[in-house]
Amino acid sequence: MMKILYFYLSGLLLLWSSCQRPTMLDFALRYAGENRVELEKVLDHYRNDSLKYRAAVFLIGNMPYHYFYTGAQLDSLRQGYRWMQRTGLSAKAVKHKLWKTFGEPDVRRWTKRNDARSVTADFLIRHIDYVFGVWEKRPWASYYSFEDFCEFVLPYRIEREPLEFWQEAYVRRYGRLCDSLCAVNPDVVFVASALNDHLRAEQNWYASSDLSFVEYGALQLLDERFGGCRELSGFNVALFRALGIPCGIDRVVQNPHRIGSHMWTFMVDTDGRKLPYLWNYYNIDREERMEEKYGKVYRDYFSVQTTNWAVSYPDEDIPGILKKPFLRDVSDEYFGRNVAVVPLYDSAGDGRLCYLAVFNNAGWSPVAVGTAAGFQGVFNNIDTAIVYLPVYHREGKLTAAGDPFIYTKNHEVKSIRGGNERVQKMHLVKKYTGTAMDRLLLDLMVQGVFEGANTPDFRDAVVLHRITKVPLPDSNWVRVNCPSEFRYLRYRGPKGSNSCIAEAMFFDADGKLIRGACIGTPSAENGKTWDCTKVYDGSKHTYFAAQDADTSWAGLQLAIPVRVSRICYIPRNDDNFVKPGDLYELLVWDRGQWYTMGRQVPDTYGLDYEGVPAGHLYWLRDLTEGVEERIFTYEQGKQVWW
C-alpha cells in the first residue's frame, strides 16, 4: 500500500508543479492501464453534458487510491450476521466460530483491486445518472455548491466496501417516505431527522462491533442491520446519499479515553454547516453539538485533500490511517482553533514531522501531526483535558519525543514529568476509569432480595436473603438459614433497579450448585442480550436488565424442591475493580518508557504500593485477565483517570 501511495502522491505533486500542469484526470487515466478505455467511455458519454462531465472527471480523477478487496475468505467472513440468525449465538461467539472455520482475517489471502482499474463504464454511467436524477428532485439542491454535491452526495463508495450499485435498492425501501416528508416540510434537516426517527422506530439494528473485522457493502447492511459505529455510519451515509441528502463521516483515529477508534455521521446543512450525529443514539440538531473528548477529529472526503500531511510530505513515514490522503483535519469545528507548543527532548530538525499520541489501553497511538521547530513541536487545534505524548515515527516505530502533558482548558501545556525525589504510598482500587454508573449499579442492588417459593407466581415467596448494604463489585457470599425446600428461586431487585444483576448461584445442603430452567420477566431491548438466562450462565461478563424497572425478577424452576444453604451473587459491573487472586503490575512512565514497581496478588479488593515516585503517569495492569486499562495520575490519595 505504501508503494502505491508514494507513487500516486509523488505523481500528483509532479503534475501540480509541472509547467504544462496536466490534470489529476490525466494521471488517473494513465494509472488505469487496460481499464483506461472504460473510463474514457464515460467521459465521451458526457462530453455534451457539462455538469455530468465534471462529475465524471471528479470521480475518475480521484480513483487511483480508492480500492477494495475480494476473496473467498472475505466472502465467508461476511456471513457473520446470517450465522447469528441461524444459530442464535452472540456476535462474539459467531466471530470465534468464523475465525476457527475460515481463519482470522488475513489481507494476504485477499485480492486488492484498485477502482481506477476495476470500474466499468456501465457501472459509472448508471451511478452518475441515478444520483443526478434523485438530486435534481430535491427542494434543497439549489442551496449547495457543486463541490459539496461531489464530495457528499455523488461518491459511489464510502470506504473500502465492495464495489456495488446500492442507491436504487435504498430508494425502493425509503424513497416514498422521503418524498412524503419533503411534501410536509422541504427543510433538509427536518427530512433527515424524521428519517432517522423512522430508522430507530424500526428497532432492527443489532448493535455490536464484534463482527466489525471486515468491511460490509451497503446492500448487505440494508438487509442485515448489525454492527458498531462503522456499520451504523456506513449504512446511514448510504441511505442519505441515495436519497440526495449531503452527508459524510467524521472520525477519531484513536479515542483518547478508551480503546479503539470511533466514527459518526454528519449532514451538511443548507448554510454549509456540518451537523454531527449517530442516528441510532442521537439525532441531528442545529443547536446542540457533541461535547465528548476526542483529541483530534478527521473528516473522510472522496477527493485527495491537498492540505493532508501525506500529500505535503510524501517522503515522510506517516503512521497508520493518518497517511490516508482523503482525510482532512476538522478539529477546529469541534473545539475551536488553538496552537500548542510542546517541549521536545531534542531537535528533530526544523520542518520535520512529529506527532502526538494518546493512550489506547495497551500503548501509545498517534492521533495528531505537527512540525518540529528546534526543541519544540507545534500542533494545531487539539482538544483539552487529555494526556498527550509527543512522539517521532521512524523506521516504523514510535519513540517518545518529549514528556507526556495535559493540554489544559486555558490552552496551557502542563507536563507530567515528576522531577523530584519525593515518593508516595498508593492505594489502588481500579485498573480502568471509574464512572458514576459503576457505583450506581452497586447501589441499585441494596434492598434487593433472593426468594424461594413453591408456586410459579411466587405468591408464597419466602425471603432467603435481603441485601442491606452496598455489595462488593465481585462475588458476594451469604449463608441461608431457612430449613424449607423450594421449587422456585429468584432474584428480585428493588423498585427502580430493573433487577440488574450479573450472576446468581444457589447451592444446596451438600454445597452443590442448583440448576434449573430459567424463568422471569422480559428483558430490556436488544433481544436475548440481557435476558434472565444471563443470570445463570456462569459468566460475570453478562447480565440481566429487565424492561420493567419496578416489578421485574429473574429466577429458576427446579425439577424437585431443594433446600438452599448458600447464595453467591455478582452485581452488574465492568469487572475492572482490583480483585483478590489476580496478578497486577504497576508501571511508572519516566523519560520515555515504562518502569515497573513490581507485581502483586491482592487478597482483598484493592492493593497498596510503597515508595512510588510522585508526580508521574501510571498504568496498573491486570496480568490475569481483561483488556480495559487506563493511565492515571495520583492526586490527593486518589486515582485520576486520563
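The values are calculated or read from the model by the stated rules, or taken from the named source; none is laboratory data. Just so we're clear, the structure is a prediction, and the values are computed from it rather than from any experiment. Virtual Cβ from ideal backbone geometry, glycine too; neighbours counted across all protein chains shown. Heavy atoms of the whole protein, side chains included, go into the accessibility calculation; ligands, DNA and RNA do not. Shrake-Rupley method; radii C 1.70, N 1.55, O 1.52, S 1.80 Å.
One table, with the values for the structure above:
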read-out: Hull volume in cubic angstrom per residue (convex hull over the Cα atoms of segment 280-351); value: 163 Å³
read-out: Residue order for 432, 281 - accessible surface, 1.4 angstrom probe, largest first; value: 281, 432
read-out: Rounded, prolate or oblate (a/c below 1.5 giving rounded, otherwise prolate when a/b exceeds b/c) for segment 200-312 by Cα gyration tensor; value: rounded
read-out: Probe 1.4 Å - accessible area at residue 182, Å² to nearest ten; value: 20 Å²
read-out: Three-way shape call for segment 478-556 based on the alpha-carbon gyration tensor, with the a/c threshold at 1.5; value: prolate
read-out: Whole-Å semi-axes of the ellipsoid equivalent to segment 69-135 (Cα gyration tensor, √5λ, descending); value: 33, 18, 7
read-out: Whether segment 65-218 is rounded, prolate or oblate, judged on the alpha carbon gyration tensor where a/c under 1.5 counts as rounded; value: oblate
read-out: Lysines with Cα under 19 Å of residue 431, excluding same-chain neighbours fewer than 8 positions away; value: 540, 579, 638
read-out: Quotient of C-alpha Rg and 2.2 N^0.38 Å, computed over segment 447-603; value: 1.23
read-out: Separation between Cα centres of segment 74-113 and segment 358-425, rounded to whole Å; value: 38 Å
read-out: Accessible surface, the chain, averaged per residue in Å² (probe 1.4 Å); value: 45 Å²
read-out: Gain in span if fully extended, residue 479 to residue 568, counting 0.36 nm per residue against the direct Cα distance; value: 31.1 nm
read-out: Span-rule helices in the chain, defined as complete DSSP H runs reaching 18 Å or more along the axis (Cα) with Kyte mean at least -1.0; value: 2-17, 121-135, 167-184, 188-202, 229-242
read-out: Highest to lowest packing among 554-561, 505-512, 569-576, 273-280, scored as the average C-beta count within 10 Å; value: 569-576, 273-280, 554-561, 505-512
read-out: Whole-percent carbon and sulfur share, accessible surface of the chain, 1.4 Å; value: 49 percent
read-out: Nitroxide proxy distance, nm - points 7 Å out along Cα→Cβ at residue 130 and residue 600; value: 6.2 nm
read-out: R0 of 35 Å, Cβ-Cβ distance residue 470-residue 408: FRET efficiency to nearest 0.05; value: 0.50
read-out: 222 nm mean residue ellipticity, helices alone, for the chain (DSSP H n ≥ 4; -39,500 (n - 2.57); rounded to 500); value: -7500 deg cm²/dmol
read-out: Sparse-neighbour loop sites [trypsin sites (Lys or Arg not before Pro); segment 30-128; at most 12 other C-beta within 10 Å; DSSP]; value: 47
read-out: Per-pair calculated FRET efficiency, R0 = 25 Å: residue 109 and residue 397 via Cβ, rounded to 0.05; value: 0.40
read-out: Label selected from (1) 43.7; (2) 33.7; (3) 31.2, the criterion being mean projected area of the Cα convex hull in nm² as computed here; value: (2)
read-out: Förster radius 35 Å - calculated FRET efficiency between residue 273 and residue 306, Cβ distance, rounded to 0.05; value: 0.95
read-out: Residues in segment 178-204 reached by a label modelled at residue 143 [backbone nitrogen below 20 Å; 7 Å Cα→Cβ]; value: 178-198
read-out: Accessible area, probe 1.4 Å, largest first, for residues 83, 641; value: 641, 83
read-out: Under 20 Å from the Cα of residue 323 - lysines, other chains or at least 8 residues apart; value: 3, 112, 296, 397
